[in-house]
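The values are calculated or read from the model by the stated rules, or taken from the named source; none is laboratory data. Keep in mind the model is a prediction, meaning the values are calculated, not measured. With ideal geometry, Cβ positions are generated from the backbone for all residues, glycine too; neighbour counts draw on all protein chains shown.
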């Protein structure tokens with residue numbers, strides 16, 4: 001049996017014996033080239049090629065940031081311009097409103113002044129005839145003034161017609177000169193005078209005299225320099241008293257003649 005199988009070899013002898021290697025020899029040497037697995041390949045894919053990708057992404061991000069900054073600057077400039085335009089519009093509207101209020105206030109003051117003057121003149125129109133009937137000294141001065149003015153204009157020998165209220169004429173008739181033809185004016189109130197000379201007509205009715213004062217009173221109320229001269233006892237000697245009567249040429253006419 002042993003002849004059939006041949007000579008038997010020990011398992012640790014001959015070419016079939018595996019050479020013994022220690023454990024250290026089977027470890028890879030430091031710095032040796034090793035085969036990279038999938039993890040190494042993945043890590044290598046994010047290496048040097050990845051650096052270029054990061055640079056491109058950084059440049060794109062920087063471009064976006066610059067574009068956003070330009071948009072922000074443009075938006076700020078546009079907002080400021082729009083704000084300035086709105087502010088100018090608001091200021092213009094405010095100035096217009098202020099001007100309108102000022103004009104309204106000025107017009108209101110003018111209306112109040114006109115109402116005050118009209119009220120004063122209306123009171124004078126009611127009270128003046130009563131006062132003239134009580135004290136005729138003002139009527140005497142008025143008659144003297146208009147006669148002097150008419151006589152200087154008419155010259156000597158010219159007839160002057162003077163119309164007065166009946167009560168006034170009863171008091172003043174004896175004081176008039178021979179060149180004055182006095183008549184009763186049925187429509188004349190106490191203190192009113194109507195005088196006719198060859199070249200002038202004097203309308204001394206209260207309505208005419210108060211109307212002549214209206215503009216002067218308005219000017220006084222508004223604070224302007226009015227052409228009103230108040231007659232005082234201390235005035236210059238020889239200054240004739242103001243008559244406040246409307247004087248017009250005889251051919252011009254001053255309205256309807258009283259009593260006719």
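Counting only residues that are under 15 Å from residue 140 (Cα atoms) and either surrounded by 14 or more Cβ atoms within 10 Å (Cβ to Cβ) or within 50 Å of the chain's Cα centre (by Cα) (or both), how many does region 175-186 have?
Residues flagged as under 15 Å from residue 140 (Cα atoms) and either surrounded by 14 or more Cβ atoms within 10 Å (Cβ to Cβ) or within 50 Å of the chain's Cα centre (by Cα) (or both) within region 175-186 amount to 3.
If I filter region 87-106 for residues that are within 30 Å of residue 209 (Cα to Cα) and at pLDDT below 90, do I get at least one hit?
Taking every residue of region 87-106 in turn, at least one turns out to be within 30 Å of residue 209 (Cα to Cα) and at pLDDT below 90.
Given the structure, is residue 99 in a helix (DSSP H, G or I), in contact with a strand residue (DSSP E or B) (Cβ under 9 Å, 6 or more places away or on another chain) and surrounded by fewer than 17 Cβ atoms within 10 Å (Cβ to Cβ)?
no
Give, as residue ranges, the strands (runs of 3 or more DSSP E) completely inside region 129-227 that count at least 3 residues that are within 28 Å of residue 117 (Cβ to Cβ) and out of contact with any strand residue (DSSP E or B) (no Cβ under 7 Å at 6 or more places or on another chain).
The strands (runs of 3 or more DSSP E) meeting that bar number zero.
Sort through 223, 227 and tell me the only one that's more than 22 Å from residue 167 (Cα to Cα), modelled with pLDDT under 85, loosely packed, with under 14 Cβ neighbours inside 10 Å and touching a helix residue (DSSP H, G or I) at 6+ places or on another chain (Cβ under 9 Å).
None of the other options fit; the residue is 227.
Quick check, is residue 110 in a helix (DSSP H, G or I), surrounded by 10 or more Cβ atoms within 10 Å (Cβ to Cβ) and modelled with pLDDT under 90?
Against the criterion (in a helix (DSSP H, G or I), surrounded by 10 or more Cβ atoms within 10 Å (Cβ to Cβ) and modelled with pLDDT under 90), residue 110 qualifies.
Yes/no matrix, rows are residues, columns are (1) buried (at least 16 other Cβ atoms within 10 Å of the Cβ); (2) over 54 Å from the mean Cα position of the chain (by Cα); (3) at positive phi:
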{"residue": "149", "(1), (2), (3)": "yes, no, no"}
{"residue": "160", "(1), (2), (3)": "yes, yes, no"}
{"residue": "173", "(1), (2), (3)": "no, yes, no"}
{"residue": "188", "(1), (2), (3)": "yes, no, no"}
{"residue": "191", "(1), (2), (3)": "yes, no, yes"}
{"residue": "198", "(1), (2), (3)": "no, yes, no"}
{"residue": "202", "(1), (2), (3)": "yes, no, no"}
{"residue": "211", "(1), (2), (3)": "no, no, no"}
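Look at residue 77 and say whether it is within 30 Å of residue 202 (Cβ to Cβ), assigned to a helix (DSSP H, G or I) and either in contact with a strand residue (DSSP E or B) (Cβ under 7 Å, 6 or more places away or on another chain) or modelled with pLDDT of 90 or more (or both).
So residue 77 does not fit the description; no.
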